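Structure record follows, encoded as structure tokens.
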Amino acid sequence: PFVGRETEVAALTQMLDSPEVRLIAILGPGGMGKSILAQQISVDVRRSETFADGVYWISFAPLCSSDAILSTIAAALPYPLGAGLDLESRLVSTLANKQMLFVLDNFEHVLDGAPLVSRLLNAAPGIKTLITSRERLNLRNERVFELHGLSVPGPKEDPLRTPFDAIDLFQKRAQQAGLGFTMNSQNASDIARICRLVEGMPLALELAASWTPLLSCAEIVREIETNLDFLTSPTRDIPE
């Protein structure tokens, strides 16, 4: 489930609505929630029908070379690209009059292919791209959106009185790990401390919450303060 990020969703949606904006790069370290934010944006855009010819999610995580960018994009499209010309020319011809959003995930794997994205946008004026990456693409038309951690309570703020996105995510993941988990007056300050220690990073919060069936929140705080390498998980479908 998507948690929080209302401000970020509103800002990115407004940027996509602007005719001048063609390429947005959501930047942040691994685990900051770039991909899930981009997924939420793509769902909202599909509902609004802003892009008449569709929204396409394209992941570059499996790639280790920019040589496969074109073929990966082409494979995601429902159009025959014909034959006779090089793939880039055929792709440009197909996209020239389309109104689409490409969501290009994990672009840090293929950074040296950034000029190719720029060429596609120049040749197809109805295409926009929303990109997630750990590093800038360094393109002239790139609009950078720096993604930071979820909102966390300050040392003097009461998490039982004021909602915070980091607290909400921690609770949801802890409840998934063990149905009996609840935040109360005994553990609220420790949960808030966990959120501050990891600076609201979503993946770190999920990893910390996975320990709640075995450790108290106070014990999790002590483990994180001792060594951040404590934040591991036995969950099999979390990428390395």
| remark: Of the residues in the range 159-198, those that are touching a Leu at 6+ places or on another chain (Cβ under 9 Å), of a type outside the set (Phe, Trp, Tyr) and open to solvent by less than 20 Å² (accessible area, probe 1.4 Å) come to Ala166, Ile167, Leu169, Ala188, Ile194, Cys195, Val198
| Could you give every pair whose Cβ atoms fall below 6 Å, whose first residue belongs to the range 67-91 and is over 20 Å from Asp112 (Cα atoms), and whose second residue is modelled with pLDDT under 85 and open to solvent by less than 60 Å² (accessible area, probe 1.4 Å), counting only separations of at least 6 or pairs across chains? | Arg90/Leu81; Arg90/Gly82
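Residue by residue, here is whether (1) open to solvent by 40 Å² or more (accessible area, probe 1.4 Å); (2) part of a helix (DSSP H, G or I); (3) at pLDDT 90 or above holds:
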| residue | (1), (2), (3) |
| --- | --- |
| Trp57 | yes, no, yes |
| Ser71 | yes, yes, no |
| Leu81 | no, no, no |
| Ser89 | yes, yes, no |
| Ser93 | yes, yes, no |
| Lys98 | yes, no, yes |
| Ser118 | no, yes, yes |
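Pull up the range 199-224, narrow it to residues that are open to solvent by less than 50 Å² (accessible area, probe 1.4 Å) and assigned to a loop (DSSP other than H, G, I, E, B), then point me to the one that is nearest to Gly154 (Cα to Cα).
Quick first cut of the range 199-224, residues open to solvent by less than 50 Å² (accessible area, probe 1.4 Å) only: 200-202, 204-205, 207-210, 212, 215, 217-218, 220-221, 224.
Subsequent filtering for residues that are assigned to a loop (DSSP other than H, G, I, E, B) retains 200-201, 210, 212, 215.
Numbers: Gly200: 12, Met201: 15, Ser210: 23, Thr212: 22, Leu215: 24 Å.
Selected residue: Gly200.
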| query | Within the range 148-158, can one find any residue that is in a helix (DSSP H, G or I) and open to solvent by 60 Å² or more (accessible area, probe 1.4 Å)? | reply | no
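So that you can scan it fast, the table gives a plain yes or no per residue for (1) more than 16 Å from Glu142 (Cβ to Cβ); (2) open to solvent by 70 Å² or more (accessible area, probe 1.4 Å):
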| site | (1), (2) |
| --- | --- |
| Ser18 | no, no |
| Val21 | no, no |
| Gly28 | no, no |
| Gly31 | yes, no |
| Val45 | yes, no |
| Ala52 | yes, yes |
| note | Checked against (1) open to solvent by 40 Å² or more (accessible area, probe 1.4 Å); (2) closer than 23 Å to Thr13 by Cβ; (3) of a type outside the set (A, V, I, L, M), Gly126 satisfies every condition except (1)
| query | in contact with a strand residue (DSSP E or B) (Cβ under 6 Å, 6 or more places away or on another chain) and within 13 Å of Leu150 (Cα to Cα) - does that describe any residue in the range 28-45? | reply | yes
| query | Exactly one of (1) within 30 Å of Met32 (Cβ to Cβ); (2) without any contact (Cβ under 8 Å) to a residue 24 or more places away in the chain is unmet by Met100. Its number? | reply | (2)
| Got a number for residues in the range 130-140 being more than 14 Å from the chain's Cα centre (by Cα) and either in a helix (DSSP H, G or I) or under 30 Å from Gly200 (Cα atoms) (or both)? | 4
| request: Scan (1) within 25 Å of Ala10 (Cβ to Cβ); (2) charged (D, E, K, R); (3) open to solvent by 30 Å² or more (accessible area, probe 1.4 Å) for the single condition Glu142 breaks and write down its number. | output: (3)
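The values are calculated or read from the model by the stated rules, or taken from the named source; none is laboratory data. Owing to the predicted nature of the structure, the values given are computational and were not obtained by experimental measurement. All Cβ positions, glycine included, derive from the backbone under ideal geometry; neighbour counts span all protein chains shown. Protein only, heavy atoms only, side chains kept; ligands, DNA and RNA dropped before computing areas. Shrake-Rupley method; radii C 1.70, N 1.55, O 1.52, S 1.80 Å.
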